[in-house]
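FYI, it's all coordinate maths here, none of it is from the lab. Since the structure is predicted, the reported quantities are computational estimates derived from the model, not experimental observations. We place every Cβ from the backbone using ideal geometry, glycine too, and count neighbours over all the protein chains shown.
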Amino acid sequence: MAVGEAARSWFATLSSPIVGDSRLRWFIRRHSVTLLALGFLVVAGLGAVWIQSAAAELSGPVTPSGHHDFFAFYSAATLVRDGHPQSLYDAGTLTTLQRQLYPHPVGYAGYMPFINPPAAAALLSPLAAVPESTARLVWLLISVVLAVACALVLTAGRDIRIRALAGLVVLGTFPAYQTFTEGQWSFVLLLGCLAALVAARRGHQTLAGIALSVLWLKPPLLVLVLVWLLLTRYWRVAAGMVGAVVAATALALPWTGIESNVSYARYLVDVVAAHAGGAGAAGQTAWEGALPNMEGLIGLAATIFGQKNALAVDIATATAAAFLVAFLVWAMRSHWRDRPLPLRYALAAVCLGLLLDPHLYAQDCVLVIVLVAFVLSRRLDSLPAQAAVLFAGGVLLNLSAIDTYWVQGVTLKPLHVLTFALIVGTVILARPRPGPRRALIAPT
């Protein structure tokens with residue numbers, strides 16, 4: 001009974017700044033224990049499915065329907081180790097190397113392109129000293145350790161039960177499954193973001209910027225965060241982030257050389273043009289991929305209008321992005337200098353940043369955990385409240401599975417449930433709150 005009362009009390013506290021409708025708050029309070037139990041069953045049940053699926057795929061041979069992103073990382077590591085970093089972004093060279101790993105076309109373009117900066121390839125180069133299958137398992141172990149670290153940083157100082165629950169949410173949701181099977185950088189990005197939040201809360205703004213420099217692995221994310229930092233006048237964080245990127249690039253030059261970095265700059269421009277030109281569906285481009293598989297605004301537009309209709313997709317994406325950005329800017333017009341920023345604006349900004357990311361595949365949706373981190377940072381001392389936040393994050397993460405499987409042909413078109421959830425979250429969180437109502441009749 002005490003647990004139920006505590007859950008109801010803290011659900012009310014938790015939902016009040018986010019859920020405006022009093023009837024909805026009443027429903028959450030009344031059924032909080034049931035919602036907690038349901039959340040645990042959903043997240044734990046699906047977690048068992050994802051973990052079993054990842055183990056089955058990683059223990060078996062490579063198949064045409066499997067996940068092949070790691071081919072790009074291993075090929076890039078091989079090129080740097082063999083002293084050919086200038087070929088990191090050459091399609092012919094990468095295709096030749098990858099056909100030695102698996103003698104069949106993979107990916108949208110028949111090979112897996114390396115779209116990260118040269119310094120990332122230098123960091124991966126030790127993996128090229130062992131066969132690809134061994135390197136994949138080593139990188140998997142590193143990724144699992146990073147995921148556990150994310151869960152521990154997320155719940156630092158919390159009860160051991162909450163820390164275990166965070167491990168389930170971080171390791172046992174669909175984006176984690178995608179990250180582990182693809183061999184992606186997603187948990188590196190997440191750990192950097194969480195470390196930045198911890199550093200910022202402790203007043204170490206430069207350290208926060210250095211932690212955020214890992215976003216250079218995905219330059220669109222770095223640009224979005226940099227713009228946000230400049231708008232909110234976090235100058236030291238922005239300077240720390242840019243300075244760390246420059247330093248990392250310079251330190252890697254003995255292995256990468258200048259030519260590879262110049263090629264990468266050109267490649268980034270070509271990738272942007274490829275996204276705007278249909279990403280290979282409407283003609284050959286420098287980067288080719290399935291836009292409807294993405295969870296951001298461009299993925300939703302490509303699903304509605306078809307990837308071949310590049311102009312319609314571009315107009316729809318730009319229009320939706322302009323509306324949401326303008327709405328957030330207008331809603332925050334008197335709050336840009338608030339320290340700290342109100343929670344709802346921080347959450348809205350994260351939702352909007354994910355929507356604007358032009359390369360948001362399911363694996364990078366682990367960054368939804370940043371939303372959880374923001375809420376947990378606001379001194380939620382009740383175990384039921386903390387569990388509720390974690391379960392909500394787990395459910396939100398697993399929404400990406402619906403869209404991914406729909407893209408693979410389960411039904412006609414993906415619903416992009418997570419995309420719509422982020423749109424709704426941006427609007428609801430940023431919308432102006434009504435002030436106290438004035439009495440129609442003056443008191444006598």
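Observations on the model:
- Using 0.36 nm per residue and subtracting the Cα-Cα separation, the extra length available between Thr96 and Ala247 on full extension is 51.1 nm.
- In the chain, taking the dipole from charged Cβ atoms about the Cα centre, the farthest positive-side position among Ile162, Ser382, Val424 is held by Ser382.
- J(HN,Hα) series, segment 245-252, from Karplus relation 6.51 cos²θ - 1.76 cosθ + 1.60, nearest Hz, glycine and proline x: 5, 4, 5, 5, 5, 5, 5, 7
- Here the alpha carbons of segment 200-355 define both size measures, Rg and Dmax, at 18.0, 50 Å.
- Working note: Karplus 6.51/-1.76/1.60 with θ = phi - 60° gives segment 223-232 the couplings 5, 4, 5, 4, 4, 4, 4, 5, 5, 8 Hz, where Gly and Pro are set to x.
- Under the combined filter of DSSP loop state and at most 10 neighbouring Cβ atoms within 10 Å, segment 232-335 retains these trypsin sites (Lys or Arg not before Pro): Arg333.
- Kirkwood radius, segment 274-372, all distinct C-alpha pairs, inverse of mean reciprocal distance: 14.6 Å.
- Sequence ranges 37-48, 162-173, ranked by mean other-Cβ count within 10 angstrom, highest first: 162-173, 37-48
- With N the number of residues in segment 263-325, Rg(Cα) / (2.2 N^0.38 Å) evaluates to 1.08.
- Length gained on full extension, Ala282 to Ile304: 6.3 nm, using 0.36 nm per residue less the C-alpha separation.
- All Cα-Cα separations within the chain were binned at 10 Å from zero, giving a P(r) of 4, 19, 31, 27, 13, 4, 1, 0, 0, each value a whole percent of the pairs.
- With 5 Å bins beginning at zero, the pair-distance distribution over Cα atoms of segment 186-245 amounts to 4, 24, 32, 28, 10, 1 %.
- About its Cα centre, the dipole of the chain is roughly 2080 debye, where the only charges are +1 on Lys and Arg Cβ and -1 on Asp and Glu Cβ.
- On full extension, the segment bounded by Arg266 and Ile160 gains 33.3 nm, given 0.36 nm per residue less the C-alpha separation.
- The mean sequence separation of alpha-carbon pairs under 8 Å and at least six residues apart, normalised by the residue count of segment 54-153, gives a relative contact order of 32 percent.
- Point-to-point label distance, Leu137-Arg236, nm (Cα→Cβ direction, 7 Å offset): 4.7
- Each Lys and Arg contributes +1 and each Asp and Glu -1, all at the Cβ; summed about the Cα centre of segment 247-371, the dipole is approximately 460 debye.
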